[in-house]
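S.K.: Here you go, one structure.
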Amino acid sequence: MKSSRRICVVVVSYGQNPFLCETYSSLAGQLGAFNDHDLLIYVRNNGPIYYDLDFEPSTTHPFVYTQSVGNVSLASIYNDAINYRENDFVLIFDQDTHISAEYIQSILNNMERNDVDLLIPKIMAKGKQHYPRDKSGVIASGEYQTMHARLTSISSGLMIGRKLIEKFKQTYSSVFDENFVLYGVDSSFFLRLRHLMKIYSIKIVCDGELLHSLSSHEVEADSVKLFRSCERLYDLALQLRYYPRLSMIYLVPRELLKVVLLHKKPSLLLDFFRVAVSGKHPRGNK
């Protein structure tokens with residue numbers, strides 16, 4: 001007999017109605033798969049404008065809808081959702097993910113095993129796998145109890161188990177590092193995970209696939225490219241402050257030079273050092 005689980009599915013959107021985004025639209029048709037479980041749907045509109053919930057969600061599962069217009073830190077949104085109630089598993093999605101029936105089945109299968117701490121899907125874009133990856137490239141489906149060097153992925157699609165959540169909180173007080181706002185929320189999660197795996201036995205499973213729109217593969221206006229470059233620099237500066245490592249001796253100068261030459265803005269160097277010294281993202285307190 002299958003066990004009932006307490007599950008929280010988190011969907012975060014920015015710049016569009018969260019109920020019309022690809023993630024929620026593809027999820028809505030899959031909710032019946034969770035009827036044997038205690039499922040909470042946690043939807044967050046992160047701005048920049050409010051969208052009223054002007055319809056009754058077509059689900060019998062508990063439903064929470066929150067919103068803000070300030071483009072709040074993703075790390076704080078994820079932590080708020082995780083802390084909203086105690087769950088056996090938390091699933092995190094942003095707005096650009098297509099959730100397939102196959103991935104829902106992967107989630108259910110891995111929940112039943114009782115020994116999976118973290119499920120990481122293969123992130124596909126334009127017919128190619130991009131995550132999860134380590135220093136050697138993308139990693140294959142399988143089970144891992146030792147940390148790959150520089151293992152990383154995106155947060156969308158992660159399934160985090162209760163025991164791993166408790167380990168994060170015991171060590172760091174939160175799962176996601178709220179010093180990071182946008183870029184770096186994912187990488188700091190995996191940097192924390194790398195440390196935890198030196199202390200605890202943690203089982204990671206890479207299984208299932210998600211189709212995801214990646215900004216690095218989209219054509220964007222120069223203003224958007226500049227915004228993303230600034231966010232990457234903030235991420236790098238905060239990693240230097242909170243998660244320093246030998247590889248940054250080469251990484252930091254290379255990335256700084258690349259961004260300054262690309263945008264021809266030497267002032268970005270000052271922005272980088274200001275964040276590195278203060279340890280605060282410009283939007284970190286919002």
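The values are calculated or read from the model by the stated rules, or taken from the named source; none is laboratory data. For clarity, every value in this text was computed on a predicted model and none was experimentally measured. Glycine gets a Cβ as well: all are built from the backbone with ideal geometry, and neighbour counts include every protein chain shown.
S.K.: So which residues in the range 229-286 are farther than 17 Å from Ser187 by Cα, basic (Lys, Arg) and surrounded by fewer than 14 Cβ atoms within 10 Å (Cβ to Cβ), if there are any at all?
M.R.: The answer is Arg254, Lys258, Lys264, Arg274, Lys286.
S.K.: Moving on. Among what's in the range 120-148 and is out of contact with any Asp or Glu (no Cβ under 7 Å at 6 or more places or on another chain), in a strand (DSSP E or B) and aliphatic (A, V, I, L, M), pick the residue that is surrounded by the fewest Cβ atoms within 10 Å (Cβ to Cβ).
M.R.: Val138
S.K.: Right, here's the next one. Working only within the range 236-286, note down all residues that are over 26 Å from Arg150 (Cβ atoms), more than 21 Å from the chain's Cα centre (by Cα) and not in a helix (DSSP H, G or I).
M.R.: Lys264, Lys265, Pro266
S.K.: Let me ask you something else. For Asp186, are the conditions met, namely being crowded, with 21+ Cβ neighbours inside 10 Å and under 28 Å from Leu246 (Cβ atoms)?
M.R.: Answer is yes for this residue.
S.K.: Of these, Met111, Met124, Met147, Met159, which one is at pLDDT below 90 and not β-branched (Val, Ile, Thr)?
M.R.: The conditions single out Met147.
S.K.: Looking at the range 155-166, is at least one residue under 20 Å from Met248 (Cβ atoms), among the basic types (Lys, Arg) and surrounded by fewer than 21 Cβ atoms within 10 Å (Cβ to Cβ)?
M.R.: Checked against the condition, which is being under 20 Å from Met248 (Cβ atoms), among the basic types (Lys, Arg) and surrounded by fewer than 21 Cβ atoms within 10 Å (Cβ to Cβ), the range 155-166 yields no hits at all.
S.K.: Residues of the range 168-177 being of a type outside the set (S, T, N, Q) and either touching a Lys or Arg at 6+ places or on another chain (Cβ under 8 Å) or crowded, with 21+ Cβ neighbours inside 10 Å (or both), which ones?
M.R.: Scanning the range 168-177 gives Phe168, Tyr172, Val175, Phe176, Asp177.
S.K.: Please state which one of Val252, Val260 is without any contact (Cβ under 8 Å) to a residue 24 or more places away in the chain, in contact with a Pro (Cβ under 9 Å, 6 or more places away or on another chain), of a type in the set (Val, Ile, Thr) and not assigned by TED's automatic domain parsing to the domain that holds Val116.
M.R.: Matching residue, one of Val252, Val260: Val260.
S.K.: May I pose another question? Which numbered condition in (1) out of contact with any strand residue (DSSP E or B) (no Cβ under 7 Å at 6 or more places or on another chain); (2) surrounded by 15 or more Cβ atoms within 10 Å (Cβ to Cβ); (3) within 30 Å of Leu238 (Cα to Cα) is the only one that Gln67 fails?
M.R.: Only one criterion in (1) out of contact with any strand residue (DSSP E or B) (no Cβ under 7 Å at 6 or more places or on another chain); (2) surrounded by 15 or more Cβ atoms within 10 Å (Cβ to Cβ); (3) within 30 Å of Leu238 (Cα to Cα) is unmet by Gln67, namely (1).
S.K.: Please determine whether any residue of the range 24-32 is touching a Pro at 6+ places or on another chain (Cβ under 8 Å), hydroxyl-bearing (Ser, Thr, Tyr), under 28 Å from Ala125 (Cβ atoms) and crowded, with 21+ Cβ neighbours inside 10 Å.
M.R.: yes
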